[in-house]
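Working notes, structure below.
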Amino acid sequence: MKNISATLAVVWRIAGPYFRSEDKWAGRGLLGVVIAMELTLVAINVLLNQWQNRFYSALQAYDLNEFVMEVWIFIGLAFTYVAVAVYKLYLNQWLQIRWRRWLTQHYLGEWLEGATHYRMQLKGDPADNPDQRITEDVKNFVEQTLVLGLGLLSSIVTLASFVVILWGLSNKAPLHIYGTDIVIPGFLVWCAMVYAILGTGLTHWIGAPLINLNFEQQRYEADFRFNLIRVRENSEQIALLKGESAERGHLLHRFGSVIANWYAIMSRTKRLTAFTASYGQAATIFPYVVVAPAYFAKRIQLGDMMQTGSAFGSVQDALSFFVTAYRSLAEWRAIVARLDGFEMSVSSAASIAAREPTIGVARSNGKAITLAQLLVELPNGEPLVSADAFTVEPAERVLVSGPSGSGKSTLFRAIAGIWPFGTGSIAIPEKARLMMLPQRPYFPIGPLGDAVIYPAEHGTVAPEKIAEALNAVGMPRLAKRLDEDGHWNRILSLGEQQRLGLARALLHAPDYLFLDEATASLDEPSEGRLYRLLAERLPQATIVSIGHRSTLDAFHTRKVMMVKDGDIHVLGKGGEAAQAETTAAR
């Protein structure tokens, strides 16, 4: 019971916000109509049950007129049932897509807000494969919540309706306690309840392991699919290293987990199906066996017997809801657990600042970027970089150098506000626009023009300006392909991608441009030309570069070293090398 209450609390936490959202009236209205239609179908089933009594009694009495009338009544009930069932399905699907759309937008917003997706990876949260949780798990949650919720409601109303009928039929064929005149009131109801309770208990005992098995199956399937995607994304490197055999082995190992867990599901499902199928078959004949003595004693008619069988079946089906829906319930609980884990991971990553000391990044009235008492740490708390009273003035050209692994890129991430681990503060001018260009720039799949101006929206930059920027960075052949769709991170070489990244910087014209080895894949003459281009096109911009080539010194006015001091690297310790003679940079 405690687990059921906890699961329902999680379900309400996931589902409730939609019915309080801006789409609440449409959602509530559709849900209300679907529930009304579900209840209408139950009412029609009650009428059909009563119809069975009259119909079979007419057959037993050889009453042709009554038979014909009941046929017409059946046609009317059947037509109404079909119409209601069709539109209930249609409106149910309409509600599903509206609910799924809202929930997907909500999860995407939470996941992508404030670099939460990045922090989730850094913290190693257990919410693996967020792509699956936002796609398959959201879809299945919405669909199965409605199916199971309406099924439970239908079972409750059916039970209440048919118990009354079955109780009345019990009085027509009373059962006496053996050897006495004491009548057991509503004995058919008690028979149905005992039968269903025993079935539910045995079903839960047999099928309980399916809950965890389904959870693990979802995880193994997602992990296998994710690694297939990684192979596709890195196909060139795998081919160059001739790593196909190794990748095949890794993929088959992960697929082996899928297969092993599936065999466990098969074994448990076989036992569960054997029981539920036997249970269902026995339920078909059980009510007729119970009332057969009264029929052959001619205390009830054929119509009463058929109505009893139908009513007993309806009561037994309602009471056996958890028996028939057990596997769906097990899958649903696994989905709920996965979405709950995703929400918890998103919340945990988004609230790092509230739970532990973090680097404070704030806008200020000053004109320079200032690092004060800054200590950048790894996610495990290990110190990495420190800086204090370090300032980057407007229009400066600063080169940051140091050994690999000294934390230069991580320092840039902290300035960008996506690396919260550490202490101290970073002050950024109030209206300053920052842009970070990593060594491997990101380009969304789509038209080349949109990839270059990312993250700006389509149409916000004129095609002529994009083409001119591509010509300026030495990519004239791409200037005519702005409308061409493609996976540009795979189509272009890393050097070409870096040129496009610099074209992006020219178009966005940031106040502060951070280049994290953003020209490392270019030859030195090309690198020089592009740095001179940046100085010419962005004369007021502050440029901070990470690089190892000595030729970069000529394009910067200040050089800062990352110096190791014990277990930590200190920014600027031991002095900064002035580059006043860098006329080439000007």
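General remarks:
- A viscosity of 1.306 mPa s and a temperature of 10 °C, combined with the Kirkwood radius over C-alpha pairs in the Stokes-Einstein formula, give the stretch 199-286 a diffusion coefficient of 101 µm²/s.
- Sequentially through the stretch 386-398, phi angles give Karplus couplings (6.51, -1.76, 1.60; θ = phi - 60°) of 10, 7, 9, 6, 9, 10, 10, 7, x, 6, 6, 10, 10 Hz, Gly and Pro residues having no value and appearing as x.
- With neighbours defined as other Cβ atoms within 10 Å of a residue's Cβ, the residues 67, 141 order from fewest to most as 67, 141.
- For the chain: rounded, prolate or oblate by the Cα gyration tensor [a/c cutoff 1.5]: prolate
- Helix 463-472 and the longest principal axis of the Cα set of the chain meet at an angle near 50°.
- Between the stretch 297-338 and the stretch 86-148, the Cα center-to-center distance that results, in Å: 32
- Principal-axis tilt of helix 326-350 within the chain, Cα atoms, nearest 10 degrees: 30
- Between 245, 336, 43, the Cα set farthest toward the positive side of the dipole of the stretch 2-353 (charges on each charged residue's Cβ, about the Cα centre) is that of 245.
- Anisotropy class of the stretch 249-341 from Cα gyration tensor, a/c 1.5 cut: prolate
- All aspartates and glutamates inside 17 Å of residue 564 as judged from Cα atoms, apart from same-chain residues fewer than 8 positions distant: 377, 382, 388, 576
- Summed residue charge, Cβ within 13 Å of residue 27's Cβ, Lys/Arg positive, Asp/Glu negative: +4
- For residue 147, net neighbour charge (Lys/Arg +1, Asp/Glu -1) across residues whose Cβ lies under 15 Å away: +2
- Sequence-distant contacts, meaning Cα pairs under 8 Å at least 6 residues apart, place the relative contact order of the chain at 14 percent.
- When you restrict to C-alpha pairs under 8 Å that are six or more residues apart and normalise by the size of the stretch 428-555, the relative contact order lands at 31 percent.
- Ordering of 221-227, 452-458, 329-335 by burial proxy (mean other Cβ atoms within 10 Å per residue, highest first): 329-335, 221-227, 452-458
- Positive-pole candidate from 151, 229, 188, dipole of the stretch 2-353, charges at beta carbon: 229
- Within the shell defined by Cβ-Cβ distances under 9 Å, the residues around residue 385 carry a net charge of 0, with Lys and Arg each +1 and Asp and Glu each -1.
- Sorted fewest first by neighbouring Cβ atoms within 10 angstrom, 190, 102, 72 come out as 72, 190, 102.
- Cα centroid separation, the stretch 515-573 to the stretch 410-453 (Å): 16
- Shape category assigned to the stretch 293-428 from the gyration tensor of Cα positions, a/c cut at 1.5: prolate
- Helices in the chain, meaning DSSP H runs of at least 4 residues, each add -39500 (n - 2.57). Divided by all residues, the mean residue ellipticity at 222 nm is -21000 deg cm²/dmol.
- Counting only Cβ charges, +1 for Lys and Arg and -1 for Asp and Glu, the dipole size of the stretch 2-353 around its Cα centre is about 320 debye.
- Of 82, 11, 31, farthest towards positive along the dipole that unit charges on Lys, Arg, Asp, Glu beta carbons give the stretch 1-86: 11
- For 266, 37, order by how many other beta-carbon atoms lie within 10 Å, fewest first: 266, 37
- Length-normalised contact order of the stretch 443-511 in % [C-alpha pairs under 8 Å, at least 6 apart]: 42
- The peptide list 495-501, 387-393, 254-260, put in order of mean Cβ contacts within 10 Å with the highest first, becomes 495-501, 387-393, 254-260.
- Relative to the dominant Cα principal axis of the chain, helix 244-296 is inclined by about 20°.
A short reminder: the numbers here are calculations on the coordinates, not readings from a lab. Quick caveat: nothing in here was measured; it's all calculated off a predicted structure. When we count neighbours, we look across all protein chains shown, and the Cβ atoms used for this are built from the backbone with ideal geometry, even at glycine.
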